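Colleague: Sharing a structure, written as structure tokens. Questions coming.
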Amino acid sequence: MFNKNNYVLKTPRTISGISQILDNNTLDRETLRREKTNKLFIGKVGSDSFYIISSSPIGISCAISGIITSADDASTEIRIETKLPKAFIVLFVVWSIFTSGAFVYAIISQGRPALSMIISFVIMIVLFRLLLSVMYSRSRDAAIKMIERLLA
């Protein structure tokens, strides 16, 4: 139900070289929160893994984790998982509960729901989910392109 994607990138660079490139372009932070920076990413980069977000305005809507390993053909493989951060999932659940509560309250106070009330309820939930999905997709695509460009 919630966005999650996996990618595998291959590069001739070494594991330490990839980690160094990512580390040089990442503002080192324990938590993934938006900050103004001249770096491309915000988060943590280890010797063979990373957990980052893009520093772009909508970058917070896609968390990126990766593991860097040696491949069989003398190249290096980066396994990337992108996902919608937990804060956005909680926000969607709270929004859905609040909207559902308002819908139930309207039914109790007014009796049988009108078709327009049902349509409004569905639209409020679907549009919010669509907004989250679009933000996630745009952020994910931009971040993956940045990573590919850095490692090219």
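Colleague: Restricting to the stretch 111-152, name every residue that is aromatic (Phe, Trp, Tyr) and under 19 Å from GLY43 (Cα atoms). Spell out how you get there, then give the answer.
Modeller: Within the stretch 111-152, the subset aromatic (Phe, Trp, Tyr) is 121, 128, 136.
Result: TYR136, single match.
Colleague: Sticking with this one: Collect the residues in the stretch 30-69 that are farther than 13 Å from ALA143 by Cβ and at pLDDT below 90, keeping them in residue-number order.
Modeller: Scanning the stretch 30-69 gives GLU30, THR31, ARG33, ARG34, GLU35, LYS36, THR37.
Colleague: Another question about this same structure. Assigned to a helix (DSSP H, G or I), in contact (Cβ under 8 Å) with a residue 40 or more places away in the chain and open to solvent by less than 70 Å² (accessible area, probe 1.4 Å), is that true of SER133? Show your work before the answer.
Modeller: Details: assigned to a helix (DSSP H, G or I): yes; in contact (Cβ under 8 Å) with a residue 40 or more places away in the chain: yes; open to solvent by less than 70 Å² (accessible area, probe 1.4 Å): yes.
Criteria met by SER133.
Colleague: Which count do you get for residues in the stretch 14-63 that are within 24 Å of THR76 (Cα to Cα) and of a type in the set (Val, Ile, Thr)?
Modeller: The number of residues fulfilling the criteria is 9.
Colleague: Then there's this: Does LYS145 meet the test of being at pLDDT 90 or above, part of a helix (DSSP H, G or I) and under 24 Å from SER16 (Cβ atoms)? Give the derivation first.
Modeller: Working: at pLDDT 90 or above: yes; part of a helix (DSSP H, G or I): yes; under 24 Å from SER16 (Cβ atoms): yes.
Spelling it out, LYS145 is indeed at pLDDT 90 or above, part of a helix (DSSP H, G or I) and under 24 Å from SER16 (Cβ atoms).
Colleague: Determine if the stretch 10-18 includes at least one residue that is under 21 Å from the mean Cα position of the chain (by Cα) and either at pLDDT below 90 or over 16 Å from SER137 (Cα atoms) (or both). Walk me through how you get there before you give the answer.
Modeller: Start the filter on the stretch 10-18 by keeping residues that are under 21 Å from the mean Cα position of the chain (by Cα), which leaves none.
No; the residues of the stretch 10-18 include none that is under 21 Å from the mean Cα position of the chain (by Cα) and either at pLDDT below 90 or over 16 Å from SER137 (Cα atoms) (or both).
The values are calculated or read from the model by the stated rules, or taken from the named source; none is laboratory data. Quantities reported herein were computed from a predicted structural model and do not represent experimental measurements. Don't worry about glycine lacking a Cβ; one is built from the backbone with ideal geometry, like all the others, and counts go over all protein chains shown. For accessibility, only protein heavy atoms count, side chains too; no ligands or nucleic acids. Shrake-Rupley method; radii C 1.70, N 1.55, O 1.52, S 1.80 Å.
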